[in-house]
Structures are given as structure tokens and as C-alpha cells.
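Visitor: Got a structure for you, questions after.
The values are calculated or read from the model by the stated rules, or taken from the named source; none is laboratory data. Computed from a prediction, not measured in an experiment: that's the story for all the values here. Every residue, glycine among them, receives a Cβ derived from its backbone with ideal geometry; neighbour counts consider all protein chains shown. When the accessible area is computed, the model is the full protein with side chains, heavy atoms only, and any ligands, DNA or RNA have been set aside. Shrake-Rupley method; radii C 1.70, N 1.55, O 1.52, S 1.80 Å.
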Amino acid sequence: MDMRTNEAVAPERLLVVTGASSGVGRATAKSLVLEHGCSVIAVARSAGALEELSNECKAGAGQLHPLVLDLEQADAVAKVQQTVSGRRLHGLVNNAGLLIKQPFGAWTAPETSRLFHLNAAVPLLLAQGLAPLLAGAPPGHVVNISSMGGFQGSVKFPGLAAYSASKAALTNLTECLAEEMKDLRVRCNCICLGAVDTPMLRAAFPGYPAPVGPEEVGGFLARFVLEGHKFFNGKVLPFAVSTP
Ligand SMILES: NC(=O)c1ccc[n+]([C@@H]2O[C@H](COP(=O)([O-])OP(=O)(O)OC[C@H]3O[C@@H](n4cnc5c(N)ncnc54)[C@H](OP(=O)(O)O)[C@@H]3O)[C@@H](O)[C@H]2O)c1
């Protein structure tokens, strides 16, 4: 209760968004802070980009806390846990992703390991490490950001075998996590993105005209992580008006 206005004060909603320095993750974190008044721990390696985002979020009711971190490092989950510092978490958006494109025949073991580690293992380890803090009422919501390339039956593209397979692992992980976390009342869903106009898409498909920009997608994902757990659990949802 705010004693000055006599109105109920909504409890702080705290979320973790990975890959928040660019593209979809940046737009999601920004929307959560500016449009929904949430506090967001924004994870990425690029300190300058996170600082810039933090400045852009200063006008919001919520707060953005930059966490400069390489999620490929072994102690990454522990560092995120330290930053959350025992507070109740309302959401985790597993958005950070790596795309490596290679012609079939040129793949190396280290490249495939990196793809599967960042795109699938890190989301599992983060969900596992943060689940006790996501537990409770209303249920915490883990949203995994996969790709249409990882959606069963979708069109596949040459050069993306290991990337698409790592995203398929993330879609399957979503169903597993929903089961693993059900007793904690933590929900988990997956959005399989089609083409979004971001640096990742422009590097992988130069000149491809994406039908949506990161702001529209980030606005949707912010609403989805805050509300989607009421209607979906363990679901893999294609989000595409095209299928590159
Ligand atoms: N754009 C599309 O068309 C499209 C389609 C399907 C799926 N997706 C998926 O959507 C998600 C967002 O992609 P995007 O298009 O927005 O790409 P983006 O603009 O390149 O952003 C990728 C983000 O991931 C972060 N990241 C990468 N490696 C990291 C690491 N080791 N540790 C911490 N952060 C790391 C990057 O931050 P730093 O470099 O600062 O670390 C950046 O913030 C990805 O999972 C991608 O696979 C995108």
C-alpha cells in the first residue's frame, strides 16, 4: 500500500533476458521496462550496448540492470544467480543465440559444440539454476526463443544444419522443462521465430526482406512472458508469416 495515495502498489516484477544487447532481446528488455514497469536483468557480452540500453530505459517505471557476461563461460549461471540474489523472479527469456553457417562437409566439432552449448544447454542450465526463484504464484515463466528452422516439418536451408538442430533441441527442451518444473509451478514455452530484421538475420541472409522488425517482436515477447503462462505450458509456437 502506498500511504501517500492509499493505492495498492503492484509488487516488483523481475525478469532475466539473455542476449539483451541487440535485436529481439534488446527490444524485449526495453519493452518490459518502459511499457510494463518491470525490472530486467539484461545479459550480454557487449558492455557498451547494454549501457546504451540502460540509458534508454531510464525514463521507464521499471529498471534495467546490465549484466555483462559471456554465457559460454562455465560460471555463467552462478553469475546470473548472484545477480538475482535470492529475489523472486517472474520470468526468464532464453533469447541469446549463436548462428554459425557452414556448407555441409565443412562443420568442425568445436563449432557444433558451441552451437549446442549456447543455444540449448545454457537455456537448460539457466532454467535449472533459476527454477527455485521462479517458483510460486503467479507461476514463473521461462520463454525459449527458438527458430522456425528448429520447428518440425518447416522448410530447411543449406548451411544451417547445426544451428537448426540446436534450435530443435531447444524446442524439445521446452516440453521437458515444463514437465521437470511442474511441481514448482514454473511454466515453460517456446516461440519459434521466423525472419526478424536483426544483425543475426542480416549476416545469415544478406538482403533478405524480413517481414517484421525487432521492436514489434520484442513488444509481443514482453507481453508473452508476462501473460502467456496463463494459457500455455510446454508449447512450441511457430511465430512466422514466412519461413526462412
Ligand atoms: N533474427 C531472426 O530472423 C531470428 C530467426 C529465428 C530465431 N532467432 C533467434 O532469436 C534470438 C535473438 O536473435 P537476434 O536475431 O535478435 O540476434 P542478434 O541481434 O545477433 O542478438 C543476439 C544476442 O545474443 C547475445 N549473445 C550471443 N552470444 C552470447 C554469449 N556467449 N553470451 C551472452 N550473450 C550472447 C548477443 O549479445 P553480445 O554479442 O553482446 O554477447 C545479442 O544480444 C536468437 O536466439 C536467434 O537464434 C532469430
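The rows are residues; the columns are (1) modelled with pLDDT of 95 or more; (2) under 18 Å from GLU72 (Cβ atoms).
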{"residue": "ARG4", "(1), (2)": "no, no"}
{"residue": "ALA10", "(1), (2)": "no, no"}
{"residue": "GLY19", "(1), (2)": "yes, yes"}
{"residue": "SER22", "(1), (2)": "yes, yes"}
{"residue": "ALA27", "(1), (2)": "yes, no"}
{"residue": "SER31", "(1), (2)": "yes, no"}
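Visitor: To continue, here is another question. Within segment 197-216, restricting attention to residues that are under 18 Å from TYR163 (Cα atoms) and out of contact with any helix residue (DSSP H, G or I) (no Cβ under 9 Å at 6 or more places or on another chain), which residue is surrounded by the most Cβ atoms within 10 Å (Cβ to Cβ)?
Guide: Only one residue fits best here, namely PHE205.
Visitor: For HIS141, which of the numbered conditions (1) within 16 Å of the ligand (Cβ to nearest atom); (2) surrounded by 15 or more Cβ atoms within 10 Å (Cβ to Cβ) fails to hold?
Guide: Only one criterion in (1) within 16 Å of the ligand (Cβ to nearest atom); (2) surrounded by 15 or more Cβ atoms within 10 Å (Cβ to Cβ) is unmet by HIS141, namely (1).
Visitor: Taking the condition of being surrounded by fewer than 21 Cβ atoms within 10 Å (Cβ to Cβ), modelled with pLDDT of 95 or more and on the phi < 0 side of the Ramachandran plot, how many residues in segment 172-195 meet it? Please lay out each step first, then the result.
Guide: Applying the first criterion (surrounded by fewer than 21 Cβ atoms within 10 Å (Cβ to Cβ)) to segment 172-195 yields 172, 175-176, 178-180, 182-185, 195.
Cutting the leftovers down to modelled with pLDDT of 95 or more gives us 172, 175-176, 178-180, 182-185.
From the residues that got through so far, the ones that are on the phi < 0 side of the Ramachandran plot too are 172, 175-176, 178-180, 182-184.
Of the residues in that region, 9 qualify.
Visitor: Looking only at residues that are more than 15 Å from the chain's Cα centre (by Cα) and of a type in the set (A, V, I, L, M, F, W, C) in segment 34-49, which one is least open to solvent (accessible area, probe 1.4 Å)?
Guide: Among them, the one singled out is CYS38.
Visitor: Considering only segment 94-101, I want to know if a residue exists there that is open to solvent by 40 Å² or more (accessible area, probe 1.4 Å), within 16 Å of the ligand (Cβ to nearest atom) and part of a loop (DSSP other than H, G, I, E, B).
Guide: yes
Visitor: Still on this model: Just for segment 113-133: of the residues that are of a type outside the set (A, V, I, L, M) and within 14 Å of the ligand (Cβ to nearest atom), which one is nearest to CYS176 (Cα to Cα)?
Guide: PRO123
Visitor: Also, quick follow-up: In segment 194-214, is there at least one residue being within 12 Å of the ligand (Cβ to nearest atom), assigned to a helix (DSSP H, G or I) and touching a strand residue (DSSP E or B) at 6+ places or on another chain (Cβ under 9 Å)?
Guide: yes
Visitor: Condition first: more than 11 Å from the ligand (Cβ to nearest atom) and crowded, with 17+ Cβ neighbours inside 10 Å. Can you find one or more residues in segment 66-76 that meet it? Give the steps one after another, and end with the answer.
Guide: First, pick out the residues of segment 66-76 that are more than 11 Å from the ligand (Cβ to nearest atom): 74-75.
Add one more test, that the residue is crowded, with 17+ Cβ neighbours inside 10 Å, and what stays is none.
The answer is no; no qualifying residue exists.
One line per residue, one yes/no per condition, for (1) in contact with a strand residue (DSSP E or B) (Cβ under 7 Å, 6 or more places away or on another chain); (2) part of a loop (DSSP other than H, G, I, E, B); (3) surrounded by 22 or more Cβ atoms within 10 Å (Cβ to Cβ):
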position: LEU15; (1), (2), (3): yes, no, yes
position: GLU51; (1), (2), (3): yes, no, no
position: ASN55; (1), (2), (3): no, no, no
position: GLY62; (1), (2), (3): yes, yes, no
position: ARG87; (1), (2), (3): yes, yes, no
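Visitor: Just to verify a result, which residue in segment 144-186, among those that are within 19 Å of ALA127 (Cβ to Cβ) and assigned to a loop (DSSP other than H, G, I, E, B), is nearest to the ligand (Cβ to nearest atom)? I'd like the intermediate steps shown before the answer.
Guide: Applying the first criterion (within 19 Å of ALA127 (Cβ to Cβ)) to segment 144-186 yields 144-147, 150, 166-186.
Going one step further and asking which of them are assigned to a loop (DSSP other than H, G, I, E, B), we end up with 181, 185.
Working: MET181: 21, ARG185: 26 Å.
Of everything passing the filter in segment 144-186, MET181 is nearest to the ligand (Cβ to nearest atom).
Visitor: Just to check your reading of the model, which residue among SER85, SER54 is more than 12 Å from the ligand (Cβ to nearest atom) and in contact with a Pro (Cβ under 7 Å, 6 or more places away or on another chain)?
Guide: The conditions single out SER54.
Visitor: Among GLY234, GLY228, GLY219, which is open to solvent by less than 20 Å² (accessible area, probe 1.4 Å), in a loop (DSSP other than H, G, I, E, B), closer than 30 Å to GLU35 by Cα and in contact (Cβ under 8 Å) with a residue 60 or more places away in the chain?
Guide: GLY234
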